[in-house]
Amino acid sequence: GGEMVRGFEYVEYNNKEDLVAMVEEMNTTPEEDAAQGRKRGVAAIMLEALQGEGGIITGDPEYFALARKLADESGALLICDEVQVGMGRSGRLWGFENIGVEPDVFTSAKALGGGVPIGAMCARGEAADVLGPGDHASTYGGNPLACSAGLAVAQYFSDHNILDN
């Protein structure tokens, strides 16, 4: 493997102590930064409700509840990556619905287009007010073919009660 994405800090999945320690560390501004008028803090906590690439590891509801609490206390977003588990692959439309915690933002792709490349980001509350139409692009989002495929998948889910299966 190559280098991990910069700007992210990682903790062991479902490890509550590691998560608390990382948030505390990220919310502590080093003296040299404070002297320059800069402040450090958590912008977001991003999680998968079920890890697919790291092994099939389900999210611990207590871990997700803690992540929600820490995000709220830090003024940060809670983001769920639903690319692997979304679109009914966990028995619910979105994986986070099995965990009992609602994120501020979630991402979706893959199954959303039924094989046609598509990507989407859904947000609620203040997070939904940050980006307006055209502010952010997706490699596969917004084009007529991808959107038609996404609508067809959603219609099929609805017409055939896929989630009841």
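The values are calculated or read from the model by the stated rules, or taken from the named source; none is laboratory data. The structure presented is a predicted model; accordingly, all values stated were derived computationally and were not measured. Don't worry about glycine lacking a Cβ; one is built from the backbone with ideal geometry, like all the others, and counts go over all protein chains shown. Side chains are part of the model used for accessible areas, which takes the heavy atoms of the whole protein and leaves out ligands, DNA and RNA. Shrake-Rupley method; radii C 1.70, N 1.55, O 1.52, S 1.80 Å.
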> Going through region 41-93 one residue at a time, which ones are of a type in the set (S, T, N, Q) and closer than 12 Å to Leu19 by Cβ?
Replying inline: Ser74
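Here's the yes/no breakdown for (1) farther than 19 Å from Leu131 by Cβ; (2) open to solvent by 30 Å² or more (accessible area, probe 1.4 Å); (3) without any contact (Cβ under 8 Å) to a residue 60 or more places away in the chain; (4) within 12 Å of the chain's Cα centre (by Cα):
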| position | (1), (2), (3), (4) |
| --- | --- |
| Gly75 | no, yes, yes, no |
| Leu78 | no, no, yes, yes |
| Arg89 | yes, yes, yes, no |
| Asn98 | yes, yes, yes, no |
| Pro103 | no, no, yes, yes |
> Hey, does region 60-68 have a residue that's open to solvent by 60 Å² or more (accessible area, probe 1.4 Å), modelled with pLDDT under 95 and not charged (D, E, K, R)?
Replying inline: no
>> Among the listed residues Glu82, Glu53, identify the single one that is acidic (Asp, Glu) and crowded, with 21+ Cβ neighbours inside 10 Å.
In response: Glu82
> Out of (1) open to solvent by less than 80 Å² (accessible area, probe 1.4 Å); (2) without any contact (Cβ under 8 Å) to a residue 40 or more places away in the chain; (3) out of contact with any helix residue (DSSP H, G or I) (no Cβ under 9 Å at 6 or more places or on another chain); (4) not acidic (Asp, Glu), what's the single condition that is false for Ile45?
Replying inline: (3)
>> surrounded by fewer than 17 Cβ atoms within 10 Å (Cβ to Cβ), without any contact (Cβ under 8 Å) to a residue 40 or more places away in the chain, under 18 Å from the mean Cα position of the chain (by Cα) and farther than 27 Å from Met87 by Cα: which single residue out of Glu17, Glu9, Glu3 fits that description?
In response: Glu9
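Before we move on, is Glu126 among the acidic types (Asp, Glu) and under 11 Å from the mean Cα position of the chain (by Cα)? Talk me through it step by step, then tell me what you get.
Details: among the acidic types (Asp, Glu): yes; under 11 Å from the mean Cα position of the chain (by Cα): no.
No; evaluated as a whole, the condition is false for this residue.
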>> If I ask for residues that are under 14 Å from Ala120 (Cα atoms) and either modelled with pLDDT under 90 or in contact with a helix residue (DSSP H, G or I) (Cβ under 6 Å, 6 or more places away or on another chain) (or both), which ones from region 87-103 would you list?
In response: Met87
>> Conditions first: (1) under 30 Å from Ala149 (Cα atoms); (2) polar (S, T, N, Q); (3) open to solvent by 40 Å² or more (accessible area, probe 1.4 Å). Ser108 passes all but one, so which condition is the exception?
In response: (3)
> If you go through region 53-66, how many residues are on the phi < 0 side of the Ramachandran plot and out of contact with any Lys or Arg (no Cβ under 9 Å at 6 or more places or on another chain)?
Replying inline: 9
